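Working notes, beginning with the structure itself.
The values are calculated or read from the model by the stated rules, or taken from the named source; none is laboratory data. Values in this document were obtained by computation on a predicted structure and should not be read as measured data. So basically every Cβ, Gly included, is an ideal-geometry build from the backbone, and we count neighbours across all protein chains shown. When the accessible area is computed, the model is the full protein with side chains, heavy atoms only, and any ligands, DNA or RNA have been set aside. Shrake-Rupley method; radii C 1.70, N 1.55, O 1.52, S 1.80 Å.
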Amino acid sequence: MSDFNTIEQDLLNQIAKASDDTLLEAIRVGALGKSGSITALLKTLGAMEAEERKSAGAAINKLKDTVGSALTERRTILKNEALTARLLTEMLDVSLPVPEGPFEAGRLHPVSQTIEEITAIFADMGFSVAEGPDVETDDFNFTKLNFPVGHPAREMHDTFFFNAKENGERMLLRTHTSPVQVRTMLGQKPPIRVICPGRTYRCDSDQTHTPMFHQVEGLVIDKTANLGQLKWVITEFCKAFFEIPSVKMRFRPSFFPFTEPSMEVDIQCRRSNGEIRFGEGEDWLEILGCGMVHSNVLKNCGINPDEYQGYAWGMGIDRLAMLKYGISDLRPFFDADLRWLKHYGFKPLDIPNLCEGLSQ
Ligand code: DAH
């Protein structure tokens, strides 16, 4: 009996000290395997007297069970220890910021973002987007828009002209997006409701002017289009674009050859400490030109002014981006400086929409 105790104690000690599965398995084979020590003891039972076999059999089987469960227990302990060690080395701080992958690292230029915001707002009001070429004819850029030949307004546009063709015609880089109005009216029947964002060019350069800049034009032609609607559209646009609940606007008489009457629109703002806020304060800031489409323009574009009337407006996209996002100099817009773009740019997958917020 005491022999069994010694064997048991010895095996239990070995099991307790075993530091991995391989060692445990070696102990199991050494005790319970085909030629293991306990198996050998069991084999001695056959040669014993019945009485002796009974007591020795019980003792050996108890020894076998004890060693068996000690092995299982130790295996579980080792498994848990291994898991704990692994969890410690593979620990992850879920509160750390997620590193940006290549798709998230890119940034959308503030001008692209602003065009998307403007498009989202006007799409919500039922406008579609129309486009035209950057290289325009003098006819579409000026004449059809009621700029008489030799009129000083043509000079005010600081136009980039191409060399004259053989027939004397001179192409130009469009000085505004208004020729897209002409193209749209010539190309489709009223009712018309479009916005025309795009690049425009004038020979001008300083902190707030670059030779290439962006404008967006709006045009509505319908039988009942009127100034009240124009005012509502512009006001709703400003509220949505600047993300403010209400805004005061001021419509000042002005002159554009293609509209009659013509107006410039100022938006209420507060200027303080070099910062500008919209929808509050006592200051005014000019943001766009607009008016009722001149009957000569309607006629030039094949629309009967006795049946249809229209309103239009035009505004500078870069300027809107500067105002909304607090960018004081226009020139870096076109410098392709990645540091600037990282700072002022937008995540490309945060697509502006009116439900989730335009600029998040
Ligand atoms: N084309 C004008 C410009 O570049 C802006 C403008 C003013 C467009 C009034 C319009 C308008 O459609 O109605 O200065």
Share of carbon and sulfur in the accessible heavy-atom surface of the chain [1.4 Å probe, %]: 54 percent
May I ask you to derive the relative contact order of the stretch 197-350, considering only C-alpha pairs under 8 Å and at least 6 residues apart, and to give it as an integer percent? 25 percent
Provide the packing ranking of 83-94, 295-306, 202-213, i.e. peptides ordered by the mean count of other C-beta atoms within 10 Å per residue, highest first. 295-306, 202-213, 83-94
Can you flag which of Lys17/Lys62; Lys144/Lys189; Lys17/Lys79; Lys34/Lys79; Lys17/Lys43 are past 19 Å Cα-Cα? Lys17/Lys62; Lys34/Lys79; Lys17/Lys43
Under a crude label model (7 Å from the Cα following the beta-carbon direction), how far is Thr72 from Leu88 in nanometres? 2.9 nm
Orientation-averaged projected area, Cα convex hull of the stretch 108-344 (nm²): 13.8 nm²
Specify whether the C-alpha gyration tensor of the stretch 218-265 places it in the rounded, prolate or oblate class, a ≥ b ≥ c being the square roots of the eigenvalues: rounded for a/c under 1.5, otherwise prolate if a/b is larger than b/c and oblate if not. oblate
Based on the mean of other beta carbon atoms within 10 Å per residue, what is the order of 36-48, 118-130, most packed first? 118-130, 36-48
Compute the Cα gyration tensor for the stretch 148-289, then decide on rounded, prolate or oblate, letting a ≥ b ≥ c be the square roots of its eigenvalues: rounded whenever a/c is under 1.5, prolate when a/b is larger than b/c in the other cases, and oblate in all that remain. oblate
Length-normalised contact order of the chain, Cα under 8 Å, at least 6 apart, in percent, tallies to 16 percent
Give, as ranges by residue number, the residues of the stretch 102-124 whose backbone N falls under 18 Å from the point 7 Å along Cα→Cβ of Gln229. 122-124
Give me the extension gain from Met249 to Trp284: residue separation times 0.36 nm, minus the current Cα-Cα distance, reported in nm with one decimal. 11.8 nm
Place a point 7 Å from Cα of Met48 in the direction of its Cβ. Which residues in the stretch 1-31 have their backbone N less than 12 Å from it? 1-4
Quote to one decimal, in nm, the extra length available between Ser95 and Leu338 on full extension: 0.36 nm per residue of separation minus the C-alpha distance between them. 84.7 nm
Spatially proximal aspartates and glutamates relative to Lys347 (Cα-Cα < 13 Å; intrachain offsets below 8 disregarded): Glu100, Glu104, Glu116
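With every protein chain present, what is the per residue accessible area of the stretch 108-344 (1.4 Å probe, Å²)?
Computed with neighbouring chains in place, this is 48 Å² per residue.
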7 Å from Cα along Cα→Cβ at both Glu81 and Ala153: what's the point-to-point distance in nm? 9.1 nm
